[in-house]
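Following: one structure in structure tokens, then a few remarks.
The values are calculated or read from the model by the stated rules, or taken from the named source; none is laboratory data. Keep in mind it's a predicted model, so treat the numbers as computed, not measured. Cβ coordinates were reconstructed from backbone atoms using ideal geometry, including for glycine residues, and neighbour counts include every protein chain displayed.
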Amino acid sequence: MKQPSERSRRRASGAITGNSQPQLLLDKLGERLAFERSGVQFYDALIAKFEASQDSSTSMTLADLQKIRQDEARHADMLAAAIAGAGAEPGAQTPSAQLVGIESQGLKQVLDDPDSTIAQSLHALLVAEMTDNAGWELLIALAEDHGQMALISEFSVALDEERAHLMQVQNWYEEATIGKAVSDGALIDDVSDMNPSSSLH
Ligand SMILES: [Fe+2]
């Protein structure tokens, strides 16, 4: 009779400590929590700048920004609960949390600068949202490795929301920069469609 694999046994028990690298999941949960908390601050800064500038170069609305800010705050709460549920301290500065804390400082500096434009601020947010997407994908894979099925379900909802954030921010950045959104692939849907003479050498 086939014996259940180690991964199956871990899934059945639901214990984070069942993995050979339990600290890795906690480290990455801490990283995501730190970055989502920074995300709330990023959107607070853009909301203030957007309200002050009355910028109309994009299709972005105050309601859009407030919705994304709410998502980031909810994601942070979800992560804090997951860390506490694993018996760890949600505010702990894990190595990866420290790393993204340093990285976030540059983005926040751009967003807090009264002289940065909406387009420049959106570029900083594009960096943040791309990182958000990659971060949640990694976290879901790690949760799967650790048999944390309940977390996978919650984190998948967060990833869907982050994908929507990325699409919106990318479109707004393009609108603010070149006057139209091109990232839906309508203009360049395949690398082979690009004019080779236009590529850099
Ligand atoms: Fe996001």
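Per-structure values
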read-out	value
Test for Ser121: is it part of a helix (DSSP H, G or I), within 14 Å of the ligand (Cβ to nearest atom) and polar (S, T, N, Q)	no
Total residues in the range 124-146, condition acidic (Asp, Glu) and within 11 Å of the ligand (Cβ to nearest atom)	2
Members of the range 78-119 that are over 18 Å from Leu24 (Cα atoms) and loosely packed, with under 13 Cβ neighbours inside 10 Å	Ile102, Gln105, Gly106, Gln109, Pro114, Asp115
Criterion violated by Ala119 - all others in (1) touching a Leu at 6+ places or on another chain (Cβ under 7 Å); (2) hydrophobic (A, V, I, L, M, F, W, C); (3) at pLDDT 95 or above satisfied	(1)
Arg74 being assigned to a helix (DSSP H, G or I), among the basic types (Lys, Arg) and farther than 30 Å from Ile178 by Cα	yes
Filter result (crowded, with 16+ Cβ neighbours inside 10 Å, within 21 Å of Arg69 (Cα to Cα) and not aromatic (Phe, Trp, Tyr)) within the range 134-146	Gly135, Leu139
Pairs, first farther than 16 Å from Ala34 by Cα in the range 119-145, second basic (Lys, Arg), C-beta under 8 Å, six or more apart	Ser121/Lys49; Leu142/Lys28; Asp145/Arg7
Counted residues, the range 47-66 - those being crowded, with 19+ Cβ neighbours inside 10 Å and either within 12 Å of the ligand (Cβ to nearest atom) or modelled with pLDDT under 95 (or both)	1
Members of the range 87-118 found to be more than 16 Å from the ligand (Cβ to nearest atom), within 21 Å of Ala73 (Cβ to Cβ) and touching a residue at least 24 places away in the same chain (Cβ under 8 Å), listed by number	Ala88, Pro90, Ala92, Gln93, Thr94, Ser96, Ala97, Gly101, Asp112
Residues that are touching a helix residue (DSSP H, G or I) at 6+ places or on another chain (Cβ under 8 Å) and crowded, with 19+ Cβ neighbours inside 10 Å, drawn from the range 168-179	Gln168, Val169, Gln170, Trp172, Tyr173, Ala176
Looking only at the range 147-167, and only at residues there that are buried (at least 21 other Cβ atoms within 10 Å of the Cβ) and over 12 Å from the mean Cα position of the chain (by Cα), the one that is farthest from the ligand (Cβ to nearest atom)	Gly147
